[in-house]
Amino acid sequence: MLKKRITLLVWKRNSYMSDATDKYLEKITALMVAFKDRALLDYMARVVAVALHHGEVWPDNVSKVGVAESDRNCIGIAFRMLMSAGIVRLTGERRRSEADDSHGREIKKYELVSASLAQTFLKRHGELPPTGQQTLL
């Protein structure tokens, strides 16, 4: 006889997510921040710039030019971190991706929540990383 495993669902950022999934994503986020911090921050800055310009953003609308294949796994975590920071939120709208490399994958629409937080984020992370003594400031 098979035992059915019931996963309690918790309301998280406009979507249902199990506790196990949430813990797993926290672990992945920590790894991304530790090992792919520059790629993650660069992509987050791109997302924020699009959100500021249009008030909303679909993942398709954010340029992946210059993002290495090995860093493409940062994209989902970037949106998750921006939601946690209160810069964007899910709207509930979904559609099929128009990007060739997505093969029709379903994507979600995000909207800008706080323009002031977005502008502050871009001031801190929207440019090239500091060099030399500036790193210490």
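What follows draws every value from the coordinates through simple rules; no lab data is involved. Just so it is clear, the structure is predicted and the values come from calculations on it, not from any experiment. With ideal geometry, Cβ positions are generated from the backbone for all residues, glycine too; neighbour counts draw on all protein chains shown.
Among residues of the range 67-86 that are outside any helix (DSSP H, G or I), those with a beta-carbon under 8 Å from a residue that is acidic (Asp, Glu) at least six positions away or on a different chain give the pairs 67/42.
In the set (1) assigned to a helix (DSSP H, G or I); (2) surrounded by fewer than 19 Cβ atoms within 10 Å (Cβ to Cβ); (3) free of Cβ contacts under 8 Å to residues at least 40 places away in the same chain; (4) aliphatic (A, V, I, L, M), residue 28 fails one condition alone, (3). I'm checking my understanding of the structure. Among residues of the range 31-43 that are within 14 Å of the chain's Cα centre (by Cα), part of a helix (DSSP H, G or I) and not small (Gly, Ala, Ser), which one is nearest to residue 58 (Cα to Cα)? Filtering first and then ranking leaves 43.
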